[in-house]
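The values are calculated or read from the model by the stated rules, or taken from the named source; none is laboratory data. All values derive from a computational prediction rather than experimental measurement. Methodologically, a virtual Cβ is constructed for each residue, glycine included, from the backbone with ideal geometry; neighbour enumeration extends over all protein chains shown.
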Amino acid sequence: MAKTRRHKIDNPEPGEFSIIGIASNEKPFSVCWEINRLLNTGLKLGEPVTRNRKELNDTPSFMAFRAEDDNNNRLLLIENVTANGYFADKWQMFRYILIAEGNNPVETTKHIMTELKSSPMIMLCSEIILKTKQEITFIKSYLQ
C-alpha cells in the first residue's frame, strides 16, 4: 500500500496592502467621485495600467485612479473590465478593484468597507484575499 503524502499549505502574507473588489454599474469617474466623497480622499485619474497577456499576444490598458496622503497611504482604483477583457480574470464579478497600501491595512480595509457599503452606487464590495505568491507578485508589480 502506498503512503499518503501530506503537504502543508502556507498562506503567504500579502504585506502592507489590501484589496477590495467593488461591484457597481456606474461609470469609472462616478465611482471615483463617490469614493472621494465617502473616504475624503483625492483619487485622480492617473496613467492607465496595462497587462501583458502572452497567451493572447496583446496588452490591454485599464483606467486607473490614484491618491496618496501625507502619511504615505496610497489608494489605487482600477477598472477591472474593458472591451478587451479583464485586468484580473479571477475577480470577474467585480467591475473595480481598490488597492489600499500603507499603514495598518486591516483597519483601513474595515473603514473603507464600512463606508462603501453605505453608498447606493455600490452594489457589493468584498475584501479579496490573495492565496498564492503569484497573485501577490501580480498585485505588487502595480504598486511600485
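On inspection, Leu98 does not qualify as touching a strand residue (DSSP E or B) at 6+ places or on another chain (Cβ under 6 Å), farther than 18 Å from Leu143 by Cα and buried (at least 19 other Cβ atoms within 10 Å of the Cβ). Which residues, taken from the stretch 74-101, are touching a Ser or Thr at 6+ places or on another chain (Cβ under 7 Å) and either assigned to a loop (DSSP other than H, G, I, E, B) or more than 22 Å from Asn40 (Cα to Cα) (or both)? Within the stretch 74-101, just Arg95 meets the criteria. Taken together, the residues in the stretch 54-74 that are surrounded by 11 or more Cβ atoms within 10 Å (Cβ to Cβ), of a type in the set (Lys, Arg) and farther than 17 Å from Ile97 by Cβ amount to 0. Annotation note: Cβ proximity below 7 Å between a residue of the stretch 7-36 that is at pLDDT below 90 and a residue that is surrounded by fewer than 14 Cβ atoms within 10 Å (Cβ to Cβ) and in a loop (DSSP other than H, G, I, E, B) (sequence gap 6+ or interchain) occurs for Asn11/Lys131; Phe17/Leu143. If the condition is being surrounded by 13 or more Cβ atoms within 10 Å (Cβ to Cβ) and farther than 23 Å from Val31 by Cα, then the stretch 124-139 contributes Leu130, Lys131, Glu135, Ile136, Phe138.
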